[in-house]
Amino acid sequence: MSTTTGPAVDVELPAPGAWEIDSGHAEVAFVGRHFGLTRIRGRFTAVSGTVTIAEPIEESTVEVDIEMASVHSGDQARDDHLRSSDFFDVENHPTARFVATGLTVDGRRGRLAGELTIVGITRPVTLDVEYLGQAMDPWDNQRAMFSATSTIDRSDWGLTWNMVLDAGGLLVSKEIRLEIDLELVRQAALAA
(Lines give C-alpha, C1' and ligand atoms only; values in the text may rest on other atoms or scores of the structure.)
Protein backbone atom coordinates (compact mmCIF):
# COMPACT_ATOMS: atom_id res chain seq x y z
CA MET A 1 0.00 0.00 0.00
CA SER A 2 1.44 3.37 -0.92
CA THR A 3 1.62 5.94 1.83
CA THR A 4 1.69 9.67 2.36
CA THR A 5 0.94 11.01 5.77
CA GLY A 6 1.13 13.49 8.56
CA PRO A 7 1.72 12.35 12.14
CA ALA A 8 -1.07 10.93 14.29
CA VAL A 9 -0.69 13.30 17.22
CA ASP A 10 -2.11 12.57 20.70
CA VAL A 11 -4.39 9.80 19.44
CA GLU A 12 -4.27 6.26 20.77
CA LEU A 13 -4.78 4.33 17.56
CA PRO A 14 -5.80 0.66 17.53
CA ALA A 15 -3.05 -1.84 18.27
CA PRO A 16 -1.21 -3.37 15.32
CA GLY A 17 -2.46 -6.77 14.24
CA ALA A 18 -5.39 -8.49 12.59
CA TRP A 19 -8.89 -7.10 13.08
CA GLU A 20 -12.14 -8.44 11.68
CA ILE A 21 -15.29 -6.52 10.81
CA ASP A 22 -18.13 -7.39 13.18
CA SER A 23 -20.90 -7.89 10.62
CA GLY A 24 -23.55 -7.39 13.31
CA HIS A 25 -22.20 -3.89 13.91
CA ALA A 26 -21.36 -2.83 10.38
CA GLU A 27 -23.30 -0.77 7.90
CA VAL A 28 -22.52 0.27 4.37
CA ALA A 29 -25.25 2.74 3.47
CA PHE A 30 -26.00 4.85 0.43
CA VAL A 31 -28.05 7.96 -0.21
CA GLY A 32 -29.40 8.98 -3.61
CA ARG A 33 -32.04 11.38 -4.85
CA HIS A 34 -35.43 10.46 -6.35
CA PHE A 35 -36.89 13.02 -8.80
CA GLY A 36 -33.75 15.01 -8.02
CA LEU A 37 -35.31 16.01 -4.68
CA THR A 38 -36.17 13.28 -2.18
CA ARG A 39 -33.35 11.50 -0.38
CA ILE A 40 -33.62 7.73 -0.68
CA ARG A 41 -31.53 5.73 1.77
CA GLY A 42 -30.47 2.14 1.59
CA ARG A 43 -27.97 -0.14 3.23
CA PHE A 44 -26.30 -3.48 2.88
CA THR A 45 -26.79 -5.76 5.88
CA ALA A 46 -24.15 -8.40 5.01
CA VAL A 47 -20.70 -6.83 5.26
CA SER A 48 -17.50 -8.71 6.12
CA GLY A 49 -13.80 -8.13 5.90
CA THR A 50 -10.44 -7.80 7.54
CA VAL A 51 -8.18 -4.96 8.52
CA THR A 52 -4.53 -5.50 9.33
CA ILE A 53 -3.30 -2.53 11.30
CA ALA A 54 0.38 -2.01 10.65
CA GLU A 55 3.11 -0.03 12.32
CA PRO A 56 3.30 2.56 10.91
CA ILE A 57 -0.46 2.71 10.52
CA GLU A 58 -0.19 4.11 6.98
CA GLU A 59 0.89 0.64 5.83
CA SER A 60 -2.33 -0.99 7.08
CA THR A 61 -4.43 -3.13 4.74
CA VAL A 62 -8.21 -3.19 4.36
CA GLU A 63 -10.39 -5.68 2.46
CA VAL A 64 -14.20 -5.51 2.62
CA ASP A 65 -16.83 -7.71 0.95
CA ILE A 66 -20.47 -6.69 0.57
CA GLU A 67 -23.20 -9.19 -0.32
CA MET A 68 -25.23 -7.20 -2.81
CA ALA A 69 -28.43 -9.23 -2.31
CA SER A 70 -28.50 -7.88 1.27
CA VAL A 71 -29.57 -4.43 0.00
CA HIS A 72 -32.43 -2.98 2.04
CA SER A 73 -34.04 0.39 1.31
CA GLY A 74 -37.38 -0.01 3.07
CA ASP A 75 -39.31 -0.82 -0.14
CA GLN A 76 -39.44 -4.40 -1.44
CA ALA A 77 -40.14 -3.43 -5.06
CA ARG A 78 -37.18 -1.01 -5.08
CA ASP A 79 -34.92 -3.61 -3.44
CA ASP A 80 -35.90 -6.21 -6.05
CA HIS A 81 -35.15 -3.68 -8.80
CA LEU A 82 -31.75 -2.89 -7.24
CA ARG A 83 -30.94 -6.63 -7.21
CA SER A 84 -31.91 -6.97 -10.89
CA SER A 85 -29.67 -6.65 -13.96
CA ASP A 86 -30.73 -2.97 -14.21
CA PHE A 87 -28.49 -2.28 -11.19
CA PHE A 88 -26.46 -4.76 -9.09
CA ASP A 89 -27.19 -7.93 -11.10
CA VAL A 90 -26.75 -10.06 -7.98
CA GLU A 91 -27.28 -13.29 -9.88
CA ASN A 92 -24.05 -12.71 -11.82
CA HIS A 93 -22.23 -10.40 -9.38
CA PRO A 94 -23.21 -11.42 -5.83
CA THR A 95 -20.39 -9.54 -4.09
CA ALA A 96 -18.91 -6.05 -4.21
CA ARG A 97 -15.37 -5.62 -2.88
CA PHE A 98 -13.23 -2.76 -1.59
CA VAL A 99 -9.44 -3.15 -1.32
CA ALA A 100 -7.37 -0.31 0.11
CA THR A 101 -4.41 1.01 -1.88
CA GLY A 102 -3.23 3.88 0.34
CA LEU A 103 -3.84 5.63 3.64
CA THR A 104 -3.04 9.09 4.93
CA VAL A 105 -3.58 9.91 8.61
CA ASP A 106 -3.96 13.15 10.51
CA GLY A 107 -4.94 12.49 14.13
CA ARG A 108 -8.37 10.81 14.25
CA ARG A 109 -9.08 11.49 10.59
CA GLY A 110 -7.65 10.12 7.41
CA ARG A 111 -8.21 9.36 3.75
CA LEU A 112 -8.36 5.77 2.62
CA ALA A 113 -7.81 5.27 -1.10
CA GLY A 114 -8.85 2.01 -2.65
CA GLU A 115 -10.45 0.12 -5.47
CA LEU A 116 -14.18 -0.61 -5.35
CA THR A 117 -15.52 -3.42 -7.52
CA ILE A 118 -19.26 -3.49 -8.28
CA VAL A 119 -20.81 -5.65 -11.04
CA GLY A 120 -17.32 -6.72 -12.05
CA ILE A 121 -16.12 -3.15 -12.71
CA THR A 122 -13.29 -1.77 -10.57
CA ARG A 123 -12.84 1.96 -10.04
CA PRO A 124 -10.83 4.06 -7.57
CA VAL A 125 -12.61 5.50 -4.53
CA THR A 126 -11.30 7.64 -1.68
CA LEU A 127 -13.04 7.48 1.68
CA ASP A 128 -12.88 10.21 4.32
CA VAL A 129 -12.36 8.15 7.48
CA GLU A 130 -12.80 9.03 11.13
CA TYR A 131 -11.50 6.88 13.97
CA LEU A 132 -14.16 7.04 16.69
CA GLY A 133 -12.34 5.19 19.47
CA GLN A 134 -12.00 1.79 21.03
CA ALA A 135 -13.46 -0.21 23.90
CA MET A 136 -13.44 -3.62 25.54
CA ASP A 137 -16.75 -5.42 25.19
CA PRO A 138 -18.30 -7.51 28.02
CA TRP A 139 -16.65 -10.66 26.57
CA ASP A 140 -13.13 -9.18 26.72
CA ASN A 141 -12.89 -8.48 23.00
CA GLN A 142 -11.03 -5.34 21.99
CA ARG A 143 -13.08 -3.27 19.54
CA ALA A 144 -12.24 -0.27 17.38
CA MET A 145 -14.88 1.90 15.70
CA PHE A 146 -14.62 3.83 12.43
CA SER A 147 -16.90 5.82 10.15
CA ALA A 148 -16.27 6.81 6.54
CA THR A 149 -17.96 8.76 3.77
CA SER A 150 -17.51 9.36 0.07
CA THR A 151 -19.51 10.50 -2.93
CA ILE A 152 -19.42 8.48 -6.14
CA ASP A 153 -20.97 8.62 -9.59
CA ARG A 154 -22.79 5.30 -10.03
CA SER A 155 -22.36 5.46 -13.81
CA ASP A 156 -18.61 4.86 -13.28
CA TRP A 157 -19.62 1.26 -12.50
CA GLY A 158 -22.02 0.96 -15.42
CA LEU A 159 -25.03 1.52 -13.14
CA THR A 160 -26.79 3.75 -15.63
CA TRP A 161 -30.46 2.70 -15.48
CA ASN A 162 -32.68 5.77 -15.30
CA MET A 163 -35.80 7.44 -16.65
CA VAL A 164 -36.04 10.96 -18.08
CA LEU A 165 -38.80 12.96 -16.42
CA ASP A 166 -41.43 14.85 -18.44
CA ALA A 167 -40.28 18.11 -16.89
CA GLY A 168 -36.64 17.23 -17.59
CA GLY A 169 -34.10 15.76 -15.26
CA LEU A 170 -33.65 12.16 -14.17
CA LEU A 171 -35.68 9.90 -11.90
CA VAL A 172 -32.63 8.61 -10.00
CA SER A 173 -29.53 10.67 -9.21
CA LYS A 174 -26.19 9.61 -10.64
CA GLU A 175 -24.42 10.96 -7.56
CA ILE A 176 -24.54 8.60 -4.58
CA ARG A 177 -23.25 9.34 -1.09
CA LEU A 178 -21.69 6.42 0.78
CA GLU A 179 -21.93 6.35 4.59
CA ILE A 180 -20.06 3.58 6.40
CA ASP A 181 -19.93 2.63 10.08
CA LEU A 182 -17.80 -0.31 11.23
CA GLU A 183 -16.77 -2.02 14.43
CA LEU A 184 -13.61 -4.07 14.24
CA VAL A 185 -12.78 -6.90 16.64
CA ARG A 186 -9.13 -7.63 17.32
CA GLN A 187 -8.18 -11.20 16.52
CA ALA A 188 -6.06 -13.27 18.88
CA ALA A 189 -2.38 -13.18 18.11
CA LEU A 190 -1.12 -16.37 16.47
CA ALA A 191 1.26 -18.48 18.51
CA ALA A 192 4.83 -18.51 17.21
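The values are calculated or read from the model by the stated rules, or taken from the named source; none is laboratory data. The model shown is predicted, which means the values in this text are computed figures rather than measured ones. All Cβ positions, glycine included, derive from the backbone under ideal geometry; neighbour counts span all protein chains shown. Please note that ligands, DNA and RNA were not included when accessible areas were found on the heavy atoms of the full protein model with its side chains. Shrake-Rupley method; radii C 1.70, N 1.55, O 1.52, S 1.80 Å.
Within the range 26-67, take every residue that is of a type in the set (S, T, N, Q) and modelled with pLDDT of 90 or more and give me the one that is surrounded by the most Cβ atoms within 10 Å (Cβ to Cβ).
Ser60
Is it true that Glu20 is farther than 20 Å from Leu127 by Cα and either open to solvent by 60 Å² or more (accessible area, probe 1.4 Å) or in a loop (DSSP other than H, G, I, E, B) (or both)?
Taking the combined requirement at face value, the residue does not satisfy it.
Of everything in the range 68-82, what is among the acidic types (Asp, Glu) and either assigned to a helix (DSSP H, G or I) or crowded, with 16+ Cβ neighbours inside 10 Å (or both)? Give them in sequence order.
Asp79, Asp80 - these are the residues of the range 68-82 that are among the acidic types (Asp, Glu) and either assigned to a helix (DSSP H, G or I) or crowded, with 16+ Cβ neighbours inside 10 Å (or both).
Residues of the range 99-112 being more than 12 Å from Thr149 (Cα to Cα) and of a type in the set (A, V, I, L, M), which ones?
Val99, Ala100, Leu103, Val105
Every residue, every condition in (1) under 20 Å from Gly114 (Cβ atoms); (2) in a strand (DSSP E or B); (3) out of contact with any Pro (no Cβ under 9 Å at 6 or more places or on another chain); (4) hydroxyl-bearing (Ser, Thr, Tyr), yes or no:
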{"residue": "Pro14", "(1), (2), (3), (4)": "yes, no, yes, no"}
{"residue": "Gly32", "(1), (2), (3), (4)": "no, yes, yes, no"}
{"residue": "Ile40", "(1), (2), (3), (4)": "no, yes, yes, no"}
{"residue": "Val51", "(1), (2), (3), (4)": "yes, yes, no, no"}
{"residue": "Ile66", "(1), (2), (3), (4)": "yes, yes, yes, no"}
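Identify, by number, the condition in (1) over 29 Å from Val90 (Cα atoms); (2) modelled with pLDDT of 95 or more; (3) open to solvent by 40 Å² or more (accessible area, probe 1.4 Å) that Asp128 doesn't meet.
That leaves (1) as the condition not met.
Do you know which residues across the range 101-123 are open to solvent by less than 50 Å² (accessible area, probe 1.4 Å) and not in a strand (DSSP E or B)?
Selection gives Gly107, Val119.
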